[in-house]
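Everything below concerns the one structure shown next.
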Amino acid sequence: MNTGFWTLTFWVGFLAATVRMATPLIIATLGETFAERSGVLNLGIEGMMIFGALAGFLTTYFTKSLWLGVLVATLSGIAFGWLMAFLTVTLTLSQHVSGLGITIFASGLAYYTYRAAIGSPTVPPTIKAFSTLKIPLLWKIPIIGPILFDQYAITYIGILLVPLAGYLIYKTTFGLSLRAVGENPEAADAMGINVYKIRYTALLIAGGLAGLSGAFFTLAEFNMFLYDIVAGRGWVAIALVIFANWIPSKVLWGALFFGSIDAIGLRLQGTAIKVPFQVYLMLPYIFTIIVLILIARNASYPSALLKPYRRE
Amino acid sequence: MEKEKIVEMRNIRKTFLNNVANNNINFVVYKGEIVSLLGENGAGKTTLMKILYGMYTKDSGEIFVNGKKVEINSPKDAIALGIGMVHQHFTLVRTLTVLENVILGLPSPKGINLDFDYARKRLQEIIQRYGLVVNPDAKIWQLSVGERQRVEIIKALYRNINVLILDEPTAVLTPQEVEELFKTLRIFKKEGKSIVFISHKLEEVMEISDRIVILRNGVVTGERRKEETNARELARLMVGREVIEVLREKTSVTEKSPLLKVEGLKALNDKNLVALKGISFSVNKGEILGVAGVAGNGQRELEDVICGVRKPISGHIFLDKDEISGRSPKEIIRLGVGRIPEDRMESGLILDLPLYENLVIEFYDKPPFSKGMLINYKSIKRFAQKLIKEYRIKTASIDVKTRTLSGGNLQKVILARVLSQSPKFIIASQPTRGLDVGAMEYIHEKLLEARNNGAGILLISEDLHEVLNLSDRIMVMYEGEIMGIIDRSKEKVDIEELGLMMAGAKRRKVS
Ligand SMILES: Nc1ncnc2c1ncn2[C@@H]1O[C@H](COP(=O)(O)OP(=O)(O)OP(=O)(O)O)[C@@H](O)[C@H]1O
Ligand SMILES: [Mg+2]
């Protein structure tokens with residue numbers, strides 16, 4: 001394989017990997033954007049992704065149907081989203097504690113379910129994962145084709161979700177209510193908006209997308225379930241929301257940026273530059289911290305973020 | 001013509017813990033009338049109206065709209081019944097545009113899609129019909145208080161309401177804006193709609209209302225038609241005793257020793273424009289220097305700079321011998337400056353803390369309230385008990401969230417906190433905005449008392465009446481400059497001249 005640094009093949013491969021690696025981040029971050037726009041910080045996201053990864057894998061493992069796996073992963077996320085909403089919106093518990101609690105619970109449940117269903121074989125079982133879906137004609141365009149139009153189906157879904165989320169947030173009555181609720185729930189309530197309903201809806205969306213995002217790891221990126229398969233991407237998504245200033249189109253760019261750092265890691269491991277591979281694995285997280293330092297100061301947080309809403 | 005009852009509230013009762021806010025109130029609104037609800041701070045006006053608007057649930061009582069008994073459980077129900085409310089504290093989403101705020105919560109003619117074109121057209125119609133000028137695409141945070149209020153009214157009108165409740169709409173408006181508001185309300189009335197108007201300003205109430213209902217301590221204590229009453233009687237019904245305008249005590253300062261000296265002060269406003277253009281003046285011991293002027297001519301920035309929350313670009317402020325410009329707000333308080341800020345909800349109090357903490361929040365780290373790193377809550381609570389008694393702050397207890405106090409009582413909290421420290425210098429900005437005549441009288445009394453005890457006071461107020469009543473000298477500000485200072489020990493105030501100076505049409509040499 002030609003891994004020369006400056007060849008066209010290298011760059012096309014790098015950019016294609018960037019888009020691929022960005023996929024779960026795009027999906028999860030869009031979901032988190034909905035949650036935070038409504039005023040709820042969903043720290044359950046990491047756990048929801050891990051459980052989504054497991055649910056997708058097991059479903060496909062037993063039914064051989066990849067799309068059924070995707071569906072079940074999404075539904076499992078929605079269920080955890082509902083739990084998060086129940087804890088933080090209905091019971092008005094601390095969003096931090098509820099979210100972290102869900103992450104610990106969901107990941108624990110995922111590992112337990114895996115052991116119960118599969119046991120602990122020396123070689124983890126695999127499924128036949130998604131292969132890339134070449135978009136007819138378009139994939140033949142030089143350079144652009146292989147980068148954008150030779151990707152997994154879930155990647156296409158993720159990219160299409162970006163304008164869809166933008167549309168929902170900025171052009172629909174739901175989106176307007178969502179923005180109002182996250183900014184000033186008292187005002188929204190005074191205008192007859194059901195604050196609880198909006199927050200529940202936002203969290204169901206956030207959960208569903210987190211589950212879907214998790215499924216990408218087990219059904220597309222890899223073909224098996226590993227304990228550290230999500231590897232903190234949920235936390236990266238939390239940072240990305242801030243990076244993107246809660247704007248869907250910027251989520252795309254932010255996710256691609258982080259995807260590219262992942263991709264650099266992948267690519268550089270094969271080149272002559274000799275650095276321990278753990279360094280590459282650290283890169284996304286180091287960048288997360290750097291980006292937050294640079295950006296967080298000017299971030300315009302939804303004013304009601306973290307604030308439970310209770311009516312008098 | 002038989003008067004038609006639009007809204008009838010019967011035997012409404014509402015208690016908060018052991019505090020009876022509404023005690024079996026009967027209240028009627030007729031078609032095409034403007035009815036005023038008058039009452040002291042904490043009388044229960046807002047509570048009654050929030051029940052009608054579905055924001056509070058009543059303990060007991062019945063509500064009829066157009067003769068039919070109704071249950072109003074949320075603002076949505078109220079709006080559906082044609083009832084709209086503009087709150088004492090606005091309920092707008094700051095980061096959204098005017099247009100977005102107006103259509104918030106409404107179904108769209110295009111289903112799930114927002115229909116901005118349609119909304120814009122209807123908004124323009126309302127703007128034109130009622131003379132409520134505002135830019136539909138401006139974000140709320142960019143608007144002045146007067147404009148925000150127009151947005152609130154437009155919001156209600158957009159929902160085709162027949163009864164509009166206005167909770168102290170004029171407290172934050174300039175006199176010109178009040179006139180404009182009244183014009184709008186009259187058009188409204190002509191169309192056969194009804195208005196419930198809450199205000200503490202008796203002249204306004206006398207000017208705009210057809211009928212006046214007076215509340216005291218949660219019960220209706222009187223009802224008058226406008227023709228059969230006057231401001232004096234209304235004041236008595238409200239407070240339960242004769243109210244005498246405080247007259248300025250004639251103990252004028254004999255030896256003038258400057259206390260606060262401002263020299264060549266320049267500062268920017270939030271939009272980074274020059275708001276103070278190098279002003280110089282001084283405040284003496286034992287005097288009240290009143291600042292007259294239309295809002296937005298640098299008063300706010302002057303307050304901020306003196307309190308240390310805004311850095312000047314150049315110039316000095318001395319308190320006695322100490323330079324205070326550039327110091328932190330805390331140091332400035334320590335040096336003896338008491339601040340009664342314009343924005344009592346945001347920069348005066350922390351509304352979610354209990355009342356007793358707010359009463360010491362500027363000095364809780366000093367003995368006897370703390371010792372070393374430890375806070376002595378016992379002494380804080382004792383102190384708080386003493387203050388609420390002394391200042392007659394109406395509250396269920398000192399442990400409640402400060403948010404639950406009525407507007408007038410919130411202001412008393414700040415006043416009590418400031419005066420308890422016997423500051424050398426007090427800056428009081430709009431100290432009686434939104435206060436009933438009784439509370440206003442009380443605060444004026446207290447400020448005069450502080451002055452007579454030797455404190456220097458800078459009184460910033462849009463209420464010309466207040467400035468004239470209290471000040472020893474009057475300083476007029478216009479576009480960040482001082483148009484002149486009138487020393488009342490030397491001359492009588494010529495109101496016309498004052499008006500011209502406030503409008504920037506006349507300038508005196510400032511010595
Ligand atoms: N949410 C609440 N929780 C507890 N007590 C409350 C609450 N709202 C109002 N109160 C109390 O009920 C009483 C009536 O308050 P309300 O706000 O109706 O007075 P108001 O007549 O509107 O006064 P103001 O003129 O100062 O606005 C006050 O004693 C107040 O402290
Ligand atoms: Mg009130």
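The values are calculated or read from the model by the stated rules, or taken from the named source; none is laboratory data. Values in this document were obtained by computation on a predicted structure and should not be read as measured data. Note that each Cβ is placed from the backbone with ideal geometry, even for glycine, and that neighbours are counted across all protein chains shown. These accessible areas exclude ligands, DNA and RNA; they are computed on the full protein's heavy atoms, side chains included. Shrake-Rupley method; radii C 1.70, N 1.55, O 1.52, S 1.80 Å.
Tabulated data
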read-out: Occluded residues from the range B:80-97, i.e. those whose accessible area drops by 30 Å² or more once the chain is not alone (1.4 Å probe); value: B:Thr91, B:Val93, B:Thr95, B:Leu96
read-out: Formal net charge of residues neighbouring B:Gly372 (Cβ-Cβ distance under 13 Å; K, R +1; D, E -1); value: +1
read-out: J(HN,Hα) series, the range A:247-259, from Karplus relation 6.51 cos²θ - 1.76 cosθ + 1.60, nearest Hz, glycine and proline x; value: 10, x, 4, 6, 4, 4, 5, x, 5, 5, 4, 5, x
read-out: DSSP bridge orientation in the protein assembly as shown - percent antiparallel, rounded to nearest 5; value: 60
read-out: Label-point separation, B:Arg225 to B:Arg382 (7 Å along Cα→Cβ), nm; value: 5.9
read-out: Carbon + sulfur, % of accessible area of chain B - ligands and nucleic acids excluded, 1.4 Å; value: 51
read-out: Rounded to 10°, Cα long-axis angle of helix A:277-295 versus longest principal axis of chain A; value: 40
read-out: Inter-site label distance for A:Thr9 and A:Leu226 at 7 Å from Cα along Cβ, in nm; value: 2.6
read-out: Radius ratio Rg over Rh of chain B, counting only Cα atoms, Kirkwood formula for Rh; value: 0.97
read-out: Cα Rg, Dmax, the range A:71-110, angstrom units; value: 10.3, 30
read-out: Angle between chain A longest axis and helix A:195-216 axis [Cα atoms, degrees, rounded to 10]; value: 10
read-out: Rounded to the nearest 10 Å², the accessible area of B:Ser397 at probe 1.4 Å; value: 40
read-out: Per residue, in Å², the accessible surface of the range B:343-422 once ligands and nucleic acids are set aside, probe 1.4 Å; value: 51
read-out: Reduced Cα scattering model of chain A, Debye log10 I(q)/I(0), q = 0.13, 0.15 Å⁻¹; value: -0.93, -1.19
read-out: Span from the the range B:22-58 Cα centroid across to the the range A:34-57 one, whole angstrom; value: 46
read-out: Inter-part distance where the range A:157-224 and the range B:286-313 are each reduced to a Cα centre, Å; value: 45
read-out: Average beta carbon contacts from partner chains per residue of A:187-198, 10 Å cutoff; value: 6
read-out: Potential extension, B:Leu273-B:Lys330 segment - 0.36 nm per residue separation minus Cα distance; value: 17.9 nm
read-out: Protection proxy ranking of B:148-159, B:67-78 - average other beta-carbon atoms within 10 Å, highest first; value: B:148-159, B:67-78
read-out: Point-to-point label distance, A:Ser249-B:Val309, nm (Cα→Cβ direction, 7 Å offset); value: 3.6
read-out: Cα gyration tensor shape for the range B:5-239, rounded if a/c is under 1.5, else prolate or oblate; value: prolate
read-out: Base-10 log of normalised Debye intensity for the protein assembly as shown (one unit scatterer per alpha-carbon) at q = 0.04, 0.06, 0.10 Å⁻¹; value: -0.23, -0.51, -1.13
read-out: 222 nm mean residue ellipticity, helices alone, for chain B (DSSP H n ≥ 4; -39,500 (n - 2.57); rounded to 500); value: -9000 deg cm²/dmol
read-out: Solvent accessible area, Å² - B:His200, 1.4 Å probe, full protein context; value: 10
read-out: Among B:10-17, A:236-243, the order from most to least packed when residues are scored by Cβ within 10 Å on average; value: A:236-243, B:10-17
read-out: Whole-Å distance, taken between Cα centres, linking the range A:118-148 and the range B:406-462; value: 73
read-out: 1.4 Å probe accessible area per residue over the range B:5-239, in Å²; value: 41
read-out: With every protein chain in place, the range A:90-170: carbon and sulfur % of accessible area (1.4 Å); value: 75
read-out: Counted charge near B:Gly338, where neighbours are those whose Cβ lies closer than 10 Å (Asp, Glu -1; Lys, Arg +1); value: +2
read-out: Computed [θ] at 222 nm, helices only, for chain A once each DSSP H run of length n ≥ 4 contributes -39500 (n - 2.57); value: -22500 deg cm²/dmol
read-out: Listed residues B:Asp167, B:Asp463 arranged by accessible area, highest first, probe 1.4 Å; value: B:Asp463, B:Asp167
read-out: Partners for B:Lys110 among aspartates and glutamates (Cα-Cα distance below 18 Å; same-chain residues under 8 apart left out); value: B:Glu100
read-out: In Å², nearest 10: area of A:Leu93 left accessible to a 1.4 Å probe; value: 80
read-out: For the range A:209-312, radius of gyration divided by Kirkwood radius, i.e. Rg to Rh on alpha-carbons; value: 1.05
read-out: Greater than 22 Å apart at Cα, pairs in B:Lys76/B:Lys121; B:Lys76/B:Lys139; B:Lys45/B:Lys201; value: B:Lys76/B:Lys121; B:Lys76/B:Lys139
read-out: Viscosity 1.567 mPa s, temperature 4 °C, Stokes-Einstein D of the range B:290-418 from Kirkwood C-alpha radius, µm²/s; value: 81
read-out: Solvent-accessible area buried by B and A, counting both chains, probe 1.4 angstrom, square angstrom; value: 1900
read-out: Candidate aspartates and glutamates for bridging to B:Lys58, where Cα separation is under 12 Å - those fewer than 8 sequence places away on the same chain excluded; value: A:Glu312, B:Glu71
read-out: Sequence-distant lysines (8 or more away, or on other chains) whose Cα lies within less than 22 Å of A:Lys307; value: A:Lys197, B:Lys401
read-out: Solvent exposure ordering (accessible area, 1.4 Å, most first) of A:Ile141, B:Ile212; value: A:Ile141, B:Ile212
read-out: Solution diffusion estimate, µm²/s, Stokes-Einstein, the range B:343-422, Kirkwood Rh from C-alpha pairs, 37 °C, viscosity 0.692 mPa s; value: 263
